[in-house]
Structures are given as structure tokens and as C-alpha cells.
1. How much accessible area does Ile390 have with a 1.4 Å probe, in Å² rounded to the nearest 10?
2. Dipole size in debye (nearest 20) for segment 240-308 around its Cα centre, Lys and Arg Cβ +1, Asp and Glu Cβ -1?
3. Please turn the phi angles of segment 331-343 into ³J(HN,Hα) values with the Karplus equation 6.51 cos²θ - 1.76 cosθ + 1.60 (θ = phi - 60°), one per residue in order, whole Hz, x for glycine and proline.
4. Could you rank Asp349, Asp355, Asp433, Asp62 by how accessible they are, 1.4 Å probe, largest area first?
5. Hey, what's segment 68-138 come to in accessible area per residue, 1.4 Å probe, Å²?
6. Just report the Cα centroid separation between segment 220-272 and segment 445-471, whole Å.
7. Check cross-link reach from Lys495 to the aspartates and glutamates: straight Cα distance under 20 Å, and skip same-chain residues fewer than eight apart.
8. So if I place +1 on the C-beta of Lys and Arg and -1 on the C-beta of Asp and Glu, and nothing else carries charge, what would the dipole magnitude of segment 409-512 be about its Cα centre? I want it in debye, nearest 20.
Amino acid sequence: MERPHPPTPSQVRRLGATLHERARAGGTAVVDGARSWSYQDLADAAAARARALTTRGVREGDRVASLLSPGAEAVAWNLACYALGAVFVPVNTRYQAAEIRHIVEDCTPRLLLHEPASARVSHEVRAAIHPALQTLDIRAAPAPTSGAGALDTPPALCLPRHDSALALLIYTSGTTGRSKGVMLEHGAVLRNMRALTDAWEFKPEDQLVLALPLFHVHGLCIGVHGGLLQGLTLRIIPKFTPAAVVEALRAGGTIFMGVPTMYTRLLTHLRAHPEDADALRGARLFTSGSAALSPQVFGEFFELTGHRILERYGMSETLITLSNPLHGERRPGTVGLPVPGVDVQIRGDDGAVIDTESPGELEVRGAGMMRGYWGLPDAHPGAWFATGDIVARDPAGYLSIVGRKSVDIIKSGGFKIAAREIEEVLRAHPAVDEVGVVGVPHAEWGEQLVAFVEGREEHEVRESLAQHCKAALAHYKCPRHFWFVDALPRNALGKLQKHLLKRAHARLAGDAE
Ligand code: MLC
Ligand code: AMP
């Protein structure tokens, strides 16, 4: 892959002007339903919302949490925070009140933004921790006005005065259970997104079809920040469906970015509606990330659309570190080569760095690295960040993700899930003493959650456990099967043998068919 130099800090500061330069040049920033927002509209809307935040006491360094669904409004409020130097905390809109409450208590935002769809959960969170929390229904916010007005910093994609200021807190699951806030600085986001979207040749003529959530780095950092940085048009789809993607591509979309589950669903759609393949053929780029894309999906997508999906790899903590090339060979089953500005190394079990093709843990350093986790000063990343992902390198230097160090981290539909969080919720149920949650392979979701519970199988208990999970957890975190066993497998030290649970599931699911 061609390796242009990543921008320097002074270049990064200049990138902050992009929004205004684009506004002067004209052009559409966001297409959201029937409405198109020009770059000027977006800059004005962000300025108006920044003033609204100021009147509610938001100042530089304050956190502003957002429960907004994907759309131009969510983007405008994000940029409004940046204009004030406030830290934007996008919260997973699928979360239940208890999950949101943890985030709010952890990062103590000055304000929680919500809309009608998230009003109920927002009020539940507020009721639980009142009076500390101020909530704002964005319907009560001012409509866009013309002219940026008298803000210290006009809305931009970074804080021109300080690229080591915090831009975002992205909450992500860890092995310990509860989610942790990844602190991302403006400079890190901009350098990494600039390098990545330069490598993918995003340009103002492009229209990016964005059906991803905007509370994770995939949709927010690559999609919104990378897209606006390059001056292209975002076509935002609030809820992914294959038909909506086809329609957006037909309407002019040139790029689609998805998680593998979206590609399996697109394939199912294309098998039923082969006439829609034309809309996909006309695009210029399809990318995949956040979970492993199977070579079968890569192959079938190529057969039906003529496109080789460009797979890349990243993490909330490091942003995007590996990518297949735009020009050159895209190898199915691999995540490609280091993104410009990123260095990688592989460490073997014996602690030594590996040069051969043997697998080991991926370590990365460079442009997109987080500052650390919010409120956890001891968890500062070292010179090299250990990803927890096991990789292998082929002779051409392409890396493949071949496993994960911890069985307690699960990826389903591209969402990260901590097994311990689900186990804690299940243990709170009166019928549960001992429980083990594992991820098992699944064609559509990548991995699917399965729980093993010690005790006698009873239909009512199974139902009650499912309801208990649904009330406390986002639906994608709810186990899809509950198996009841006399005793969970443990080693001599009493440690749960999760690999045996995975095997037991394969056997039990096979027997059940
Ligand atoms: C939902 N369902 C699941 C499930 N999620 N079943 C099994 N496993 C899961 N994970 C069920 C629901 O309960 C429901 O069932 C049915 O599927 C439809 O649910 P849905 O919620 O309507 O699904 P949908 O909204 O279509 O969600 C699918 C999706 C979503 C692919 C759009 O998972 C998604 O947005 N994923 C993207 C995640 C993402 O952005 N990750 C980036 C992390 S950043 P029923 O029975 O109730 O009908 C990162 C770094 C990097 O990883 O490198 O990018
Ligand atoms: P998150 O914490 O949600 O940012 O998830 C990061 C994790 O997603 C990584 O540690 C990987 O395990 C996984 N991941 C991201 N991209 C890929 C990919 N292309 N292939 C396999 N796993 C991936």
C-alpha cells in the first residue's frame, strides 16, 4: 500500500478549518431522509447548538452525553461540543437505563442529550441519579440560523488551538465487565482518519452511505469525521436494512461501510432481488470492519456485485490500524497492512517479538492511540498497545485475525460484549447461582451468546431468564440459548473451563437439530 506521511500537528490544526472552507465552496454535508444539509447549514446548526449548550452551562472540558440516533442532528450536536471544547460522549442507543446509568455515573456529563425515541430511557436514568443530571430534549433546541455568530471557535472538526484536547469518550466493554470510557484526542482522531481516508481516496465527489450506529468509532470516526474531513456527502440511514442501502446507493451513493452482519444480510437480499445488484455494481468502494468477514461472504459478494470488499481492522482504543489496500490485492480472510502512521508488532507466548509467520498477540502504536481510559489513570497504554487479538502474518506481510486472547470478550453483529457483564446480570436472578456465558460461531452474527446455568431445566425458568436479561441489557447482549447443566466444568483450581462450554454447545445444538 502507498504510505503517505500522516499530517503534522500544524497540519492537523489547519484541518479544523475544513468545515468552513467547504461551506464557502458549497456542497452537501449530510443527506438525512428528505432533507439535505449543506456544509454551511451544518456549520450554522452546530454554532446554534453550541450557543444552546453554553446557556446550559457547558464549558470547555465538560462532558456532554448523547442518546441521539444517527442523523444530521447527532452530527451537529457533536460538532457543537467541539466548538466549545466539550467532550462528546455518544451513548449506545440500544442500551437500557442501567447500562446508561453506569456511563453517566462514570463520566458525570454536564448534560444528557436525548430525542423522543430516547426520552423514556433518559428520564429513567435521571430519576435514578437525580439531581446530578441535566437532560435536554433536542426538540427544545434552537433551529439553525444563518451566520456562525460570536463563538470563540467556529464549528470545525477539531479544536484548532489544541490538538491534544479530548474530543470523545467512547464506551467499550473490557474483560472486567463494565464498560470503560476510551479517551480520544482531537489530534489522534484527525491524524488517523486523514491517513485512512486518504488511503481510501475519499473525495468531495463521494457520497458515503452510512447505516452504522454513530456511537462507535466505525460509524462516528471513519464515517462522520473521516467523511466530513474529506468534504464528501454523508447519506445517513438511521436503521440499517438492505433495501435502504440499495436505495441510497441508487440515489448516488459511491461508498458503503459495514460490519460483516450487514454484508450477510445484503447477500440474502440480493439472492431474493437479483435486480438490485446493479445499484451495488455502480458504487466505487465497499469496506468491512469491526468483526471478521468470512472469505465465503467476500467471494459471493464479488460474484454478485463485482466488488472485492476492502476489509480493515481497528479498535476503539487505537482507531484503525490495519487495512487492505485500495489499489493492489485485497486478500480475503486478512485485514491487510498497517495504515500510514501506525506500527505493528506480534508478540509470542514466550514474550518475544515474532518475525515469522507464527501467530501471536498484535501490538500497535501510532497515530490513533487513545490517551487512556476515563477515570482509570493506572490503565495508561504503554509504548505498545496490546490488542488482545491473535494475528498471523503471511509472507506478503498481510495480517489475519486468528483468535482472541480472552474468551470473555465476544463480538456479535460487530458489537463488543463482555461475558462477565452478562454473567453478573444473570447471577442477580433468583434461579441462578453458577453461570457461564460464551460466544459461539454464528453465520449471521459472527458470534452468538449462549449461557450455561447450573440447575434443573424448566421452561418457566428459561423464559424468566430471557425476560430478566431483556429488561437489564441491550438486546444484542441477551443470550440466545440457555443450557441447564448439573455442574459447570471447572479445573482443579475451580476456574471455569469456557472452551469446554463452547464444545458442549456444539454438541447440544447438534443433538437438538
Ligand atoms: C440483534 N439480534 C440479535 C443480535 N442483535 N440476535 C443475535 N445476536 C445479535 N447480536 C436479534 C434481535 O433480538 C431481533 O430479534 C433481530 O435480531 C433483529 O434485531 P435488530 O436489533 O433489529 O437488528 P438490527 O438493528 O438489524 O442490527 C443488526 C446490525 C447491528 C448489524 C445493524 O448489529 C449493528 O448496527 N451493528 C454494528 C455495530 C458497530 O457499529 N460496531 C462497531 C464497533 S467499533 P427478534 O427475535 O427480537 O426479532 C469497532 C472498531 C472497528 O469494532 O474496527 O470498527
Ligand atoms: P471495539 O472494542 O468495539 O472497538 O472492538 C474492537 C475489536 O473488534 C478488535 O479488538 C477485534 O477483536 C475486532 N475487530 C475489528 N475489526 C476486525 C476485523 N476486520 N476482523 C476481525 N476482528 C475485528
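1. The accessible area of Ile390 comes to roughly 40 Å².
2. On the way: 6 positive and 6 negative charges, 34 e Å.
Once rounded to the nearest 20, the dipole reads 160 debye.
3. With the stated coefficients, segment 331-343 comes to 8, x, x, 10, 10, x, 10, x, 6, x, x, 10, 10 Hz.
4. I get Asp349, Asp355, Asp433, Asp62, largest accessible area first.
5. Accessible area per residue, segment 68-138: 33 Å².
6. The distance from the Cα centre of segment 220-272 to that of segment 445-471 comes to 33 Å.
7. Counting by Cα, and skipping residues close in sequence, Lys495 has these aspartates and glutamates nearby: Asp408, Glu421, Glu423, Glu424, Asp433, Glu434, Glu454, Asp486.
8. The calculation lands at about 480 debye.
The values are calculated or read from the model by the stated rules, or taken from the named source; none is laboratory data. Remember, it's a predicted structure, so these values are computed and weren't measured experimentally. Positions of Cβ are backbone-derived with ideal geometry, glycine not excepted, and every protein chain shown enters the neighbour counts. Ligands, DNA and RNA are excluded from the accessible area calculation, which covers all protein heavy atoms including side chains. Shrake-Rupley method; radii C 1.70, N 1.55, O 1.52, S 1.80 Å.
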